[in-house]
Amino acid sequence: MKVNIGIAGCGYWGKNLVRNFFEVENCWLSSIVDENTKTLDEINKRYPSLKTYTDYKELLNSEEVNTVVISTPANTHYQMVKDALLADKHVLVEKPFVRSIGQAKELAELAEKRNKILMVDHTFLFTGAVRKIKELMDANEIGNVLYYDSVRINLGLFQKDVNVIWDLAPHDISIMCYLLKEEPVSVSACGIAHLKEDIENIAYLVLYFKNSMIAHFHFNWLAPVKVRLTLIGGSEKMIVYDDTEPSEKIKVYDKKVRVFDPSVSPENEFKPLYDYRTGDMWAPKVDLSEALGYMCKEFVDSIAEERQPLSNGEFGLKVVRILEAAQKSIKNKGKEVKL
């Protein structure tokens, strides 16, 4: 099947999508849509073969385009994805997927009903670092996961239609959902809006699981430095993932803590209660290729091979469920919300 693509929305991220889809084999990027004619002219100078439209409906009515990529503001996603599926197009949509669980369920079910591929652009799943962490965790390299702690902060970019949770959290929550076998059962969140009412620019999320594992996230648009740091604590080893590092993005620490129980082993009665093991640290080699290229290829391949992509509609629904619960909690001063 020839994958003929049209991209709707050619802003900052849309331009990156245009560039990457031109590099993917087995597909043809034929059209772009944007309300800004100046933007269309700029892209068309570099890619003169592209057809340009200012009306999204023209893209949907195109008989040659069978696949639509949506890179527009979050509040437009639901209707645009729905219209594309009803027009019998495969769809890739930028994060956040949609703004509610109901919308996510409806679109995932519609895609299945019409036998179309629906994928959410959770690009970080395709980074070499995250793929390497997944490999290590699947091989039980770190043992049982005890905690997941993530920080994503920087100065800006402030969004007009979504708060810091809906803007930044999809990255880290999607990574967590991909890496962990367990799913959270509830969430508690708190945050504050400093510059625009109801648009929180700082937020803290805590996710609880059935076992003793816990996850914590810190998001901030008002930080003086850029931090992209994740700590994953295991019963045997621990992982530090720093996305700002140019090369050694992952460090695995052979560290653990053991607790002695004198009632089980009487010889431990006079030993310290805790035993700290500090072993080596190693930095595994990771693929530093652009993740967006892998994501675009996964989308095209899933259509050609008639299979579900890694971050399909159901996966997007998992992320939206956590985001919506966090939004409810933050509006209720951190009240725990069941998932």
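Per-structure values
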{"quantity": "Cα long-axis angle, helix 164-179 against the chain (0 to 90 degrees, to the nearest 10)", "calculated": "70 degrees"}
{"quantity": "Helix 37-46 vs. the chain, principal-axis angle (Cα, 0 to 90°, nearest 10)", "calculated": "80 degrees"}
{"quantity": "Stretchable slack from residue 183 to residue 38, in nm (0.36 nm times residue separation minus alpha-carbon distance)", "calculated": "47.7 nm"}
{"quantity": "Volume in Å³ per residue [convex hull over Cα atoms, computed for region 1-155]", "calculated": "169 Å³"}
{"quantity": "Dipole of region 125-289 [Lys/Arg +1, Asp/Glu -1 at C-beta], most positive-end residue of 190, 151, 177", "calculated": "151"}
{"quantity": "Nitroxide proxy distance, nm - points 7 Å out along Cα→Cβ at residue 1 and residue 139", "calculated": "3.5 nm"}
{"quantity": "Cross-link pairs 82/297; 2/116; 2/38; 237/338 - those with Cα-Cα distance over 26 Å", "calculated": "2/38; 237/338"}
{"quantity": "Size of electric dipole in region 125-289: Cβ of Lys, Arg +1 and of Asp, Glu -1, about Cα centre, debye, nearest 20", "calculated": "220 debye"}
{"quantity": "Rounded tilt (10° steps) of 12-21 against the dominant C-alpha axis of the chain", "calculated": "80 degrees"}
{"quantity": "Average Cα contact separation per residue, region 125-289, under 8 Å, 6 or more apart, as relative contact order %", "calculated": "26 percent"}
{"quantity": "Aspartates and glutamates whose Cα lies under 16 Å from that of residue 255, excluding same-chain neighbours fewer than 8 positions away", "calculated": "141, 236, 275, 280"}
{"quantity": "Overall dimensions of region 125-289 by Cα: Rg and Dmax, Å", "calculated": "18.5, 63"}
{"quantity": "Protection-proxy order for peptides 319-328, 61-70, each taking the mean of Cβ atoms within 10 Å per residue, highest first", "calculated": "319-328, 61-70"}
{"quantity": "Share, in percent, of DSSP beta bridges within the chain that are antiparallel, nearest 5", "calculated": "60 percent"}
{"quantity": "Residue-span extension gain [residue 114 to residue 306] - 0.36 nm each, minus C-alpha spacing", "calculated": "67.8 nm"}
{"quantity": "Projected label distance in nm at residue 231 and residue 61, using a 7 Å step from Cα toward the beta-carbon", "calculated": "5.7 nm"}
{"quantity": "Helix-derived mean residue ellipticity, 222 nm - over the chain, DSSP H n ≥ 4, -39500 (n - 2.57), to 500", "calculated": "-10000 deg cm²/dmol"}
{"quantity": "Pairwise label distance in nanometres, residue 251 with residue 214, each label 7 Å out on the Cα-Cβ vector", "calculated": "2.4 nm"}
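Read-outs: derived from the displayed coordinates by stated rules, not from any lab. All of these numbers come straight from a predicted model, not from anything done at the bench. Here the Cβ is made from the backbone with ideal geometry for all residues, glycine too, and neighbour counts use every protein chain on show.
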